[in-house]
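> One structure, as structure tokens, below. Some questions next.
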Amino acid sequence: MEQRHLGRTGLRVSRIGLGTLTWGRDTGEEAAGELVKTFWEAGGTLVDTADAYGGGEAEYLLGQLIGGLVPRRDLVIATKAGGVRRPDRRVDGSRGHLLAALDASLDRLGTDYVDLWQVHAFDPATPLEETLQAVDLAVSSGRARYAGVAGFCGWQLAKAATWQLAAPGVRTRLASTQMEYSLLQRGVEREVLPAALDLGIGLLPSSPLGRGVLTGKYRSAVPADSRGASETLASFVEPYLDEAAGRIVDAVATAAQGLAVTPLQVALAWIRDRPGVVAPVVGARTAAQLVAALSVEALSLPEEICRALDDVSAPVHRYPDQDWSTL
């Protein structure tokens, strides 16, 4: 699999990443093992997890597979910290919480370091410089090799990245940002993506298949064995089952038919090759689903197909997001 640099750093990752959101909840150890082995054998390196996934079980499962099933040195392990489940708050970006969470993640993963450590969300209750001090401490102590963020909007990302760049060699530059991005969700193109491109930050799209909807499996009904029928994930899928999304899915299916490939391959190839994108993170539930996603490696969409998909899924840009040079 082709490798790409993560932002303006020397870290190289596979251009498709493996997500672990459902590990420890819907995905057990045997299935997780099959996923990791399939991914590794295909040349995949980037495995993305978080301390919040499965209440820590996703990290624990991954830790059980490292070394025995797949060599640690062959993987780029990315995890996150900062998401909490408390009645009074959902995000904790304090230095104390983040560093304690990192130590707990390393213990579950059974490793001395993570390749990429990401602040899971912006915490308005904590000074940003305190959150970023935790990032610097994690890297300077060797517990993390590179750092990024997730879920930061445009101004938050720009502020964090600029703060880090203000003291080169002292503060750790942000390598990446992780945000939802697909043909069904192009909101990052308004401010987040322009900021990332300008600041040399690589984008790791989550839900690159529109929460599974872009595979086309929901075109006629909700399959009984799908996430859309799951008690825990039905509300996650439902927003992308409206009429507007249906038109985009139909366009993807038409393109797939014309190219003699699957809608999944078309949707994943489109997002993989967007400007600023380093590696879409795919959350396959089975090895068969992962193999289908990894088969996109050999596919590059013709320019006219890309233009057609761009047009049918184009987000609405109005003041002040619209490029003023076009007015």
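The values are calculated or read from the model by the stated rules, or taken from the named source; none is laboratory data. Values in this document were obtained by computation on a predicted structure and should not be read as measured data. Reconstructed Cβ throughout: ideal geometry from the backbone, glycine too, with neighbour counts over all protein chains shown. Calculation scope for accessible area: heavy atoms of the full protein, side chains included, ligands and nucleic acids excluded. Shrake-Rupley method; radii C 1.70, N 1.55, O 1.52, S 1.80 Å.
> Mind checking the alpha-carbon convex hull of segment 23-114 and giving the volume per residue in Å³? Could the numbers behind the result be given before it?
Numbers: hull volume 7.9 nm³, N = 92.
It is 86 Å³ per residue.
> For segment 168-223, what Kirkwood radius comes out of the mean inverse Cα-Cα distance, in Å? Spell out each step's value before the answer.
Values: mean 1/r = 0.0765 Å⁻¹.
Kirkwood radius, segment 168-223: 13.1 Å.
> Also: How charged is the neighbourhood of V192? Take every other residue with its Cβ under 15 Å from the Cβ of V192, and add Lys/Arg as +1 and Asp/Glu as -1.
Numbers: positive: K159, R186, R190, R274; negative: E180, E189, E191, D198, D321.
Summing Lys and Arg as +1 and Asp and Glu as -1 gives -1.
> Tell me, what is the per residue accessible area of segment 1-52 in Å², probe radius 1.4 Å? Mind dumping the intermediate values first?
Numbers: 1980 Å² over 52 residues.
Per residue, segment 1-52 has 38 Å² of solvent-accessible surface.
> When only C-alpha pairs under 8 Å and at least 6 residues apart count, what is the relative contact order of segment 1-59, in percent?
Numbers: 76 pairs, mean separation 23.3, N = 59.
Over segment 1-59, the number comes to 39 percent.
> Quick one: grab the alpha carbon gyration tensor of the chain, order the square roots of its eigenvalues as a ≥ b ≥ c, and give me rounded if a/c is under 1.5, else prolate or oblate depending on whether a/b is larger than b/c. Working shown, then result.
On the way: a/c = 1.58, a/b = 1.21, b/c = 1.30.
Cα axes put the chain in the oblate bin.
> Moving to a separate point now. Between segment 8-80 and segment 293-320, how many Å separate their Cα centres?
A separation of 28 Å, based on Cα centres.
> DSSP loop trypsin sites (Lys or Arg not before Pro) in segment 60-99 with at most 15 other Cβ atoms within 10 Å of their Cβ, which ones? Provide the component values of the computation, followed by the final result.
Numbers: sites: R72, R73, K80, R85, R89, R90, R95; in loops: R85, R89, R90.
Here the trypsin sites (Lys or Arg not before Pro) that fit, given the DSSP loop and packing criteria, are R85, R89, R90.
> Enumerate the lysines that K37 could reach by cross-link, defined here as Cα to Cα under 25 Å, with residues fewer than 8 away along the same chain left out.
The reachable lysines, counting only those whose Cα sits under 25 Å from K37, are K80.
> Let me ask something additional. Just the number, please: carbon plus sulfur as a percent of the accessible area of the chain, 1.4 Å probe, no ligands or DNA/RNA counted. Can you show the working numbers first?
On the way: 7460 of 14490 Å².
Here it works out to 52 percent.
> On to the next question. Counting each DSSP H run of 4 or more residues in the chain as -39500 (n - 2.57), what helix-only mean residue ellipticity at 222 nm follows after dividing by all residues, to the nearest 500 deg cm²/dmol? Walk me through the intermediate numbers first.
Numbers: 11 runs with 120 residues, N = 327.
That comes out to -11000 deg cm²/dmol.
> Also, I was wondering about something else. What accessible area per residue comes out for segment 108-235, rounded to a whole number of Å², with a 1.4 Å probe? Mind showing how you got there, number by number?
Working: 5180 Å² over 128 residues.
Counting only protein heavy atoms, the per-residue value for segment 108-235 is 40 Å².
> If you build a Gaussian network model of the chain, linking Cα atoms that sit under 10 Å apart, which residue out of A58, A298, A144 swings the most?
For the chain, modelled as a Gaussian network with Cα springs under 10 Å, the answer is A298.
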